[in-house]
Amino acid sequence: MTTNKQVLKFVDDSIALCKPEKVVWITGEESQLEELRQEALSTGEIIKLNEDLLPNCYLHLSDVNDVARVEGRTFICCKDKDDAGPINNWMDPQEAYSKVGEIFDGSMKGKTMYVIPFSMGAVGSPFSKAGIEITDSIYVVISMKIMTRIGKSVLDALGDSNDFVRGLHSKATLDAEKRYILHFPEDNTIWSVNSGYGGNVLLGKKCFALRIASYQGKNEGWMAEHMLILGVENPQGEVKYIAAAFPSACGKTNLAMLIPPELYQKKGYKVWCVGDDIAWIRVGKDGRLWAINPENGFFGVAPGTSMKSNPNALLATKKDTIFTNVVHNLDNNTVWWEGMDKNPPKNAKNWKGEMWDCTSGEKGAHPNSRFTAPAINCPCISSEFEAPMGVPLSAIVFGGRRAKTAPLVYQSRDWNGGVFVGSIMASETTAAATGAVGVVRRDPMAMRPFVGYNMADYFAHWINMGTKIANKPKIFNVNWFRTDDEGHFIWPGFGDNLRVLEWILARCEDKVDAVESPIGFLPKAEDINIEGLDITIDTIKELLTVDKANWVEEVKGIEEFYAQFGDRLPKELKEELAKLKAKLN
Ligand code: OXD
Ligand code: MN
């Protein structure tokens, strides 16, 4: 399929190591994919769902010990330990190749090796990058078909270039003790073994598009970020784009596919989804930042997705979708999960494949069960989804789950102030889960598990990018999760978040004033539109308060977090922290 010598060498080396019985190059043709689906059906790796209700949809159940990303077994393997930094797990590359090479050795004996050429970003776009994933899993092949662009056209676009990521995956024996997700940023290489879970094995996603790409971006002058991208269309038909970073379980997919409140719909507002998880961002010729979504599909968390919470996501899963670890409704051969509706199926199997009694109190779907759905299925997918140069960003938004500290929205004073805001991002665990409200996990730019190098250098890269952008987007922080004294969310969230985005875009266009606070610019309460909402302006005032005592505590947490980076922390962030402290005094 190619004469690219480096590609051929990578495949030959992988064959020599894994010793498969057979090698199949994935061409991207539907007939080949259909053959593979048939084979996976015959072995039980996937189950065909009701063709009338869920055409071309499949159910896959993973091993019960293999249901999530494994941060503890995820490593950055670069020569110098300091280049991985204090947040990442580090392994010496030689040690990693040798130790994990032993696990790969012969791991595909008697099995077929699939060679998947894939592109992150539209094939041929100057923003895009190619990868080759080698795997022994048909589930990976058919999932990569949804999540990326695959096949011969990728190799044709790559030509003789050596600029591709080498991804090697084997399920091996699924031994959790020997599970490793290794990244060799200096070699453009990813090794993943003993897992079949999407986040560990769909190597285009977290491994390439975030960990390896963040390292490439630092060296090549662009950014790989854990961000959704959405477009807000106003009644005049103008679309402005926002990229937003939130840690897991803070509603990225919901925001990306937001349904405007009725009032806004009537006025003519629309929201378009460009991406729900990853953004690759470059400086355009016009001096603005331009972003693409390098992915081709959504790997979304199923539980909680409903016609109420996110109809666009649910509708995206109605065809051509693979469901993993959800409930199998045996009466009509469809799927179900907690939070889909109030009618759990009576005759059903749970995510472990056991008969499930919906009255037992046990969950039927795994909390991290997923749908893998093509982006083009989404009713609100942006017309610019495939645009080779992406979309221009008006605003960058950071956010987390904070009960008290962060106001509903605030704007940073400038770019470096915005980098500071991103660097101090944090999310709180909930009382229900831990028994203690306010256990803060620092998750800068929502990239804690995904920066492929030293996070201090990642901060420096952000600062440095600021010097290259003539027309900088404005940077904001939002918090949909402020609670009252009884622990109830104050802000309605979901579609009503558009009211906050409206203020953000008005700020970007200098159409609205703001008030100074120690942490940045706050909206005037009357500038957040509450028309049609069941809350008063006093509630908005409450949502916008910045409690000094809370922030003095917050500063202590930031200082502690920053301390681990030592001298590598950019002086600009130390200055921003000093400014904040001064303003709080
Ligand atoms: C994640 C995901 O874990 O997107 O962040 O799956
Ligand atoms: Mn994610």
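The values are calculated or read from the model by the stated rules, or taken from the named source; none is laboratory data. Nothing here was measured: the structure is a model prediction, and the numbers come from that model. Note that we place each Cβ from the backbone using ideal geometry, even for glycine, and neighbour counts take in every protein chain shown. Accessible surface areas use protein heavy atoms only, side chains included; no ligands, DNA or RNA. Shrake-Rupley method; radii C 1.70, N 1.55, O 1.52, S 1.80 Å.
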Open item on the list: Can you work out the Karplus-derived ³J(HN,Hα) for every residue in the stretch 53-61? Use 6.51 cos²θ - 1.76 cosθ + 1.60 with θ = phi - 60°, whole Hz, and x for glycine or proline.
Closed with: 8, 9, x, 6, 10, 9, 10, 10, 10
- [ ] May I ask you to give the percent of accessible area on the chain that is carbon plus sulfur, with a probe radius of 1.4 Å?
- [x] 50 percent
TODO: State the number of lysine pairs found in the stretch 297-377 whose Cα atoms come within less than 15 Å, restricting to pairs 8 or more positions apart or on distinct chains.
DONE: 5
Task: Among beta bridges that DSSP assigns inside the chain, antiparallel share in %, nearest 5 - done: 65 percent
Open item on the list: Nearest 500 deg cm²/dmol is fine: what mean residue ellipticity at 222 nm does the chain get from its DSSP H runs of n ≥ 4 alone, each adding -39,500 (n - 2.57), divided by its residue count?
Closed with: -8000 deg cm²/dmol
Open item on the list: No solvent, one uniform scatterer per C-alpha: report log10 I(q)/I(0) for the stretch 93-144 via the Debye equation at q = 0.17, 0.20, 0.21, 0.32 1/Å, two decimals.
Closed with: -0.72, -0.84, -0.87, -1.10
TODO: With a cut-off of 20 Å, note down the residues of the stretch 369-383 whose backbone N falls inside the zone around a label point 7 Å from the Cα of E238 toward its beta carbon.
DONE: 383
Open item on the list: Tell me which of L330, N350, T372 sits at the most positive position along the dipole axis of the stretch 297-377, charges placed on C-beta atoms (Lys, Arg +1; Asp, Glu -1).
Closed with: T372
Task: Calculated FRET efficiency for the pair A176/T27, C-beta based, R₀ 30 Å, to 0.05 - done: 0.30
- [ ] Taking the convex hull of the Cα atoms, report for the chain its projected area averaged over all directions, in nm².
- [x] 26.0 nm²
- [ ] Within the set of other residues whose C-beta is less than 12 Å from the C-beta of N416, count the net charge using Lys and Arg as +1 and Asp and Glu as -1.
- [x] +1
Task: Dmax and Rg, reported as Rg then Dmax, of the stretch 297-377 (C-alpha, Å) - done: 12.0, 38
Task: Estimated dipole of the stretch 297-377 in Debye, rounded to 20 [Cβ of Lys and Arg +1, of Asp and Glu -1, Cα centre] - done: 140 debye
TODO: Tell me the label-point distance for the pair E220, R441, using the 7 Å Cα-to-Cβ offset, in nm and rounded to one decimal.
DONE: 3.0 nm
Task: Per residue solvent-accessible surface (Å²) - the chain, probe of 1.4 Å - done: 39 Å²
- [ ] Under a cut-off of 17 Å between alpha-carbon atoms, report the lysines in cross-link reach of K240, not counting same-chain residues fewer than 8 places apart.
- [x] K267, K270, K472, K474, K511
- [ ] Counting only C-alpha contacts under 8 Å and six or more residues apart, can you give the relative contact order of the chain as a whole percent?
- [x] 14 percent
Open item on the list: Please report the antiparallel percentage of the DSSP beta bridges confined to the stretch 54-187, to the nearest 5.
Closed with: 45 percent
